[in-house]
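Engineer: Have a look at this one before I ask anything.
The values are calculated or read from the model by the stated rules, or taken from the named source; none is laboratory data. Given the structure is predicted, the values throughout are model-derived calculations rather than measurements. Positions of Cβ are generated from backbone atoms using ideal geometry, with glycine treated the same way; all protein chains shown enter the neighbour counts. Only protein heavy atoms, including side chains, enter the accessible area calculation; ligands, DNA and RNA are left aside. Shrake-Rupley method; radii C 1.70, N 1.55, O 1.52, S 1.80 Å.
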Amino acid sequence: MWIRFKRDRTGVVCAVIVIGYFVVALLAPLLVKLAGTDPYTLYGQDPTYADQPILDDFGLPLGYLGGVSGDHWFGVEPQYGRDLFAMLMYGMRTSLYMALGITVLVMVTGVIIGLIGGYFGGRTDYWVGRVTDFFLSFPSQLFFIAFMPVVTSFFVDPREETPTYFRALAMLIVLWLLGWMGMARLVRSTVLSLREREFVEAAKVSGASPWRIVRKEILPNVVTPILVQFTYQLPSTILTIAFLSFAGVGFVEPTPDWGRLFAAGAQYAEQDPAFMFFPGVALVLFVLAFNLLGDSVRDAFDPKSGR
């Protein structure tokens, strides 16, 4: 698989881009420090920076492309003057690692449930299937918006500000509970076809325990769909987190987040359309690279592929 993958130049380039995003997100504090800015300072309102005006009388950035300059590499936010480069770096860090944690939980849960239903079959598979159908019946997008405030209200007084860590925990719980079903069905269908194969029957005849059969015989044969599904699930989760923040039920001010940047950009679209340029390009490039990486991984595992 590794030899086939290395021959795919598109896959290699996309893998480098994806890894680069995670490295940049990890080093966000260092990069922002090198730029001499931070994502929380209101450079357009702070009296400390009054001798360096970056906003005009209408609160719009001075200069070209949203105020791009040597001090503010990607420009500044209208009205407040926050540095867009710093906001994007920290926003990528928030979204990427939040999405990575959620995706891992979704994958692990889906794989376990799919293995149980597919291998044991019978009544076990029936009830696992009904539970999966129950969760699939929820309209996910509407449920995200409606359920997020409910989760937070159980633990935080509505009159108090919800801590950022609790918002992150609430999103993790909601996206986890409503995200594992696709993986579970995929693994279940694969296991159903594998459990009747000769090598599984041979393991049963030799006296191997169900746990050993699943771990040694079946699980290695479902690695391919799991990896491919992972490469599609992660960018989808990032877009969902961005959607929640855009809808106002995810991360809020002043936490930097990709989705919140788009929510702010929607307010400034007419006055400063350049504000959306760098966050938009960064998100499109990441999602495209990850999807192409998924195609390359699938082709690398498929010996019948002509690529």
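Engineer: Tell me the residue from Phe135, Phe154 that is more than 18 Å from Ser189 (Cβ to Cβ) and not basic (Lys, Arg), please.
Structural biologist: After applying the criteria, what remains is Phe154.
Engineer: For the stretch 22-33, indicate whether the set of residues that are over 30 Å from Val228 (Cα atoms), in a loop (DSSP other than H, G, I, E, B) and open to solvent by less than 60 Å² (accessible area, probe 1.4 Å) is non-empty.
Structural biologist: No, the stretch 22-33 contains no residue that is over 30 Å from Val228 (Cα atoms), in a loop (DSSP other than H, G, I, E, B) and open to solvent by less than 60 Å² (accessible area, probe 1.4 Å).
Engineer: If you don't mind, there's one more thing I want to ask. Out of all the residues in the stretch 34-58, which are open to solvent by 70 Å² or more (accessible area, probe 1.4 Å) and of a type in the set (A, V, I, L, M)?
Structural biologist: Listed by number, the residues that qualify are Leu34, Ala50.
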